[in-house]
Each structure stands twice: as structure tokens, then as C-alpha cells.
Amino acid sequence: MGKWNIGIGAAVTGLRRLSREPRKGRNVMEGYIRGCGLQFGNVKELCQSDPVFQRAMGLAERRTIVTSYKLMNLFMIIAFGLIKVERGHIFEFGSYKGGSAIFMAAVAQEYLPDTNVFALDTFSGMPETDEAIDTVVPGDFDDVDADELIAYAATAGLSNLTFVPGRFEETAPALLADAGSAALVHIDCDTYPAVSYAYESCKPYMVPGGYIVLDDPQVASCLGAMEAVEEHMIRADGLHAEQAFPHLVFRYPPLD
């Protein structure tokens, strides 16, 4: 983990004996270091004192409802995880007011200068949802000024960030084909249809061992997102999570 001296905490006494080899398609040790380091150890303090993290948080401030722990986790994955896999771009499905995309772009600008961040959203509210499982309704999260958001990112000097307005089905196919590869996909969608589509559309473009990070499945009001994970990722593709806190994190294609 670079120059950081990560402490996990006395609550996880058996971590040091775990194998560093892949297990069931994921790196258990790395998942524990990120997750336990945040929940029980000193990773929060290390992030808060890191100048790259500080700049990224400053740019994203008041533009995201993603928790600080989840932003710290994304920071760890970009700074210490993506450098170990083939180069690919970062895609965010569900950006709302753009804060987490701005955050990731600022971090990637420092550590992965050839990597672009693409943030996909209608930027005009939630499209149709599955009434049988989703609690949000069409039109939710419509309080976004897309023009102001794009101008803000440009003023911040984030030339590696592109906001992609429109429905996923309309924008993602050509965007993914043109970009060619994805190393990190951040799926921040509350609903079954959106999570299902985001995951399935990205699969053909993932670099080996790429990261799929899901913001919402463990949120109390987002059982639709969890159902999509259960059906598409766990049951259909047999994936095992690399991390359970503060995100669900999977590797796809699974590690050898």
C-alpha cells in the first residue's frame, strides 16, 4: 500500500496469517486491508492527512451524498489497486450531482494520468424503476444543473472527466466501445434495472481483475440494487465479494 503504514487494529487478530494468493476470484487480503483498515484501523486518518485525498474531497464537497468512508475506499482502490491491473478507464453509472465522479477524477489525475473518468446519468432525475422491488420513483433526484456541473469540472482542471447525459441504454454502448476497456466501474444506482444494466453492459470491457464497486445494495431502501447483485453477479456469474465494508466490491473477470 505504497508509503502508508496501515494499522488494522486489534479487533482483527488473524489477518496476518491469511494468504495473499487469490481465493475464489478475489484478493481476500487486499479486501480486508481496505475494509478493516477503514472500520477498525487507521486508514481514515491516513486518508484525511493525504494531500491528494484532501484536494479530491475539497473539489467534491457538497456535491455528493456518497459517504466519506466510501470515498476513502474508492481512493484506496484507485491509488493502490488499479496500478496492479491492466490500464483501463473508470466508469460511473449514476452520478447525481457529480461529486463522486469529480473525486475519482481528481485522484486518477494524480495516480493514473492516462485514465479517463466517464460519469453516466440522466442528470434530470430517475428513469422508470421496478415497482415490485424499488422504492424510488421516476423523477427522483432531478435537482441537478448539468451545465453548471460541467463548467465546474472544467474550472477545476479535470480534463480527464466527461459527464455523459442520457439513459444508460442510449449512451453506454457506444461510449464503452469507443473507450475499449474498463478497470473500475462504480455503480451508484438505487434500482434493479439500473444496476443490472450497468453490470451487464460493462462485462465485455473489463480488464482482468477489474473492480466492480457498488454503492447501494446494502442501503436499507435499495433492495432492488441488492436483488440485481444476487441474480446477476452471485447466482449467474458465481462471483464472491472481495469487500463487504463500506462497499460491496467484486473483481471481474475473477482473479486467477
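The values are calculated or read from the model by the stated rules, or taken from the named source; none is laboratory data. These numbers were taken from a predicted model, which means no experiment stands behind them. Cβ sites come from the backbone with ideal geometry, for glycine too, and all protein chains shown count toward neighbours.
Structure notes:
- The residues of region 4-56 that are of a type in the set (D, E, K, R) and either surrounded by fewer than 17 Cβ atoms within 10 Å (Cβ to Cβ) or farther than 30 Å from residue 238 by Cβ (or both), listed by number, are 16, 17, 20, 21, 23, 24, 44, 45, 50, 55.
- Here the condition is being modelled with pLDDT of 95 or more and assigned to a strand (DSSP E or B); of 212, 234, it holds for 212 alone.
- Unique match (being surrounded by fewer than 23 Cβ atoms within 10 Å (Cβ to Cβ) and under 24 Å from residue 175 (Cα atoms)) among 163, 80, 91: 163
- Within region 158-196, tally of residues that are part of a helix (DSSP H, G or I) and charged (D, E, K, R): 3
- Scanning region 46-66 for residues that are of a type outside the set (A, V, I, L, M, F, W, C) and at pLDDT below 95 yields 61, 62, 63, 64.
- Residues located in region 40-78, provided they are of a type in the set (S, T, N, Q) and either assigned to a helix (DSSP H, G or I) or closer than 23 Å to residue 30 by Cβ (or both): 42, 48, 49, 54, 67, 68, 73
- Selected residue (criterion: farthest from residue 88 (Cα to Cα)) from residues of region 225-256 that are crowded, with 24+ Cβ neighbours inside 10 Å and among the charged types (D, E, K, R): 242
- Matching residues in region 66-93 - criterion: being over 19 Å from residue 32 (Cα atoms) and among the aromatic types (Phe, Trp, Tyr): 91, 93
- A single entry from 134, 114, 130 fulfils the requirement of being in contact (Cβ under 8 Å) with a residue 12 or more places away in the chain, part of a loop (DSSP other than H, G, I, E, B) and within 19 Å of residue 158 (Cα to Cα): 114.
- Residues of region 39-68 satisfying the condition of being of a type in the set (Ser, Thr, Tyr) and closer than 24 Å to residue 152 by Cα: 64, 67, 68
- Going through (1) part of a strand (DSSP E or B); (2) over 17 Å from the mean Cα position of the chain (by Cα); (3) of a type in the set (D, E, K, R) one by one, residue 92 falls short only on (2).
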